[in-house]
1. Can you give the relative contact order of the chain as a percent, counting alpha carbon pairs under 8 Å and 6+ residues apart?
2. Under 4.7 Å Cβ to Cβ, no partner at all: give me those cysteines from the chain, in residue order.
3. Taking θ = phi - 60°, what integer Hz values does the Karplus form 6.51 cos²θ - 1.76 cosθ + 1.60 yield along the stretch 116-121, in sequence order, with x for Gly and Pro?
4. Roughly what % of Cα-Cα distances in the chain sit above 44 Å, to the whole percent?
5. On a 0 to 90 degree scale, rounded to 10, what angle separates helix 266-283 from the longest Cα axis of the chain?
6. Using only Cα atoms, what is the ratio of the radius of gyration of the stretch 10-289 to 2.2 N^0.38 Å?
7. Quick one: angle between helix 480-498 and the longest Cα principal axis of the chain, in degrees between 0 and 90, rounded to 10, please.
8. Kindly express, to the nearest 10 degrees and within the range 0 to 90, the angle between helix 100-112's C-alpha long axis and the longest C-alpha principal axis of the chain.
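We did not get these values from a lab; they are worked out from the coordinates using the rules stated. For clarity, every value in this text was computed on a predicted model and none was experimentally measured. Glycine gets a Cβ as well: all are built from the backbone with ideal geometry, and neighbour counts include every protein chain shown.
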Amino acid sequence: MKNNAFKVVRITDTTLRDAHQSLWATRMRTDDILKIAETIDDAGYYSLECWGGATFDVCMRFLRENPWERLRQIKAVCKKTPLQMLLRGQNILGYKHYPDDIVERFVALACENGMDIFRVFDALNDPRNLEKAIASVKKYGGHAQGTISYTTSPVHTVEAYVKLAKEQAAMGIDSLAIKDMAGILTPGAARELVGALVKALPDMPIQVHSHMTSGMAAAMYLAAVEAGAGCVDCAISTMSSFSSQPPCESMVTILESEGYDTGLDQKKLAEINAYFRDLKKTRQPASSAKVEPVDAGVLVHAIPGGMISNLRSQLAQQGALDRLPEVLEELPKTRADMGYPPLVTPTSQIVGVQSVLNVLGGKRYGMVTDETKHYAAGYYGRTPAPIDKKLQKKLVGDLKPITCRPADLLKPGLAAAAREIPAKLIKAEEDILSYCLFPEVALGYFKWRAQPVDAKDPIPADVEMQKAATAAAPAPAVDAETVRFAQIGKAFAALMAMAGGGKVDISAVKPGEAELLPLQAEGSDKSTASTKETGGTRSVASAIPKGTPVTAPLNGTFYRSAGPGRPELAKDGDDVKNGSPVCIVEAMKLFNPIKATASGKITFLVEHGKPVTKGQALAVIA
Ligand code: CO
């Protein structure tokens, strides 16, 4: 790709990975890819990004496909163009650090199954989280592409990025990517950064990756190329723009007008585009119709688009969507407190959920998720800027902070994982790696696969499509990373249940303050059940005893205790004190203790485990 003296610029096609992850909730299927793979292989791309990121999880979870089989099938057709994947360093494709033996074996098998170029990145840009993956790629004969996860902050200077690039060069990377996941890299900053990198590492090929979220990416690519970048990431036009990559056809024309040759065949590109324009009719989720072509807000707050939609759905489920502006204001403060991590999985989820809690909890860091705790204690790696010592102590709690490479603390895990899977479900060694990354999802898929051909449960993605075709207002497709976002909230709920739930002050969410909104994304969540079911409880209102009511501050599920097996917070007829927690309303996996509004004898009006609506009387105190 590095051949700028001859004015050659190459293009990587992201249509088969990032583009559908950004636009179609990763729902492109292997068959969809195979029908057009030969034409794509003939077009003249530098490489085809077609694996990694969220595709692995979604293949098994929603499409009931074997991701390894997808890789082998693409490789069998695409013999001319190198295949490329996105690898999250020590996190591989998951959300936590894996032991070195799992990282190495995953890379070895990916190489064996046909992967050529590995773009290896770390959310914190901690080189210690990249070293094992890069060394493994080199060992098994792949092309190791190092990565700068681009963000802006007082500590993310050009000098700091050059230092990071040099550290990765010393690890033996073959090329370097600038990964602008939020689409915030400006043409001016790109010219400066690429120029400094070319000066410091004159022989290092540089590739630039961005998203059109803010509308700047095509202009930025041209500036980066003029400064010496040799390759840029684009998607075929139908699969481009919005939160995806810039359109390939347009970028080719822009570059040609400046005298650069991309080697791409526009006729083939038109053929590829016609195919995806047709496929889009059945694969694009209905929710995408609501997406704005350009989110100019990104230019102001620099928060990736996908992250905002996650925050929105989390707040909507708590009937607190009106507090989104407060959360968007809180988020940069939480990020600064946490040492300015780039906002990309998993740090985007950690900072996002913590910001929501900082707003809804009424008190900043009054509630701290398990992930925040581990992050502050160094278990995700070194933070770009140090966390204030006093705050770190508060966040970490009883956890022991570490300064070593996080994966050094992990024992080899491959053999133990292999023993955990029922032998009859394993068909190949690749299955063990799938299980290591996503244990429950992989087991679900293995069990589905083991069902007789004529008696298989329906494919979740097909069920979604049928629902979308028949429902008046179809639910948007849920993305694997949205599921993860909800899981952090769930881990927090478990924490609260263990703590007895008594310490949380959620008085910040006052009855009547938050509006009831139609619940959207996480359709599988029980707490989002139709509010119609609760109508019956209200109709008996005339029969309830007189006194001061205790009302639900949010839509959610009513509980008498703070978790399974735990005692009821108050019994019917108990004398309760004003301000003491008497019951729970669970919303979006957060357990919210509800306090007595007066002192006296309490009578409950709702059954344990029933859905409740905001403002509904849960109990009266006489
Ligand atoms: Co991307």
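1. 14 percent
2. Flagged as lacking a Cys partner: 50, 59, 78, 111, 231, 404, 436, 583.
3. 10, 10, 10, 8, 9, 10
4. In whole percent, the share of Cα-Cα pairs in the chain beyond 44 Å is 22.
5. 20 degrees
6. It is 0.94.
7. The angle comes out near 40 degrees.
8. Between helix and principal axis, roughly 50 degrees.
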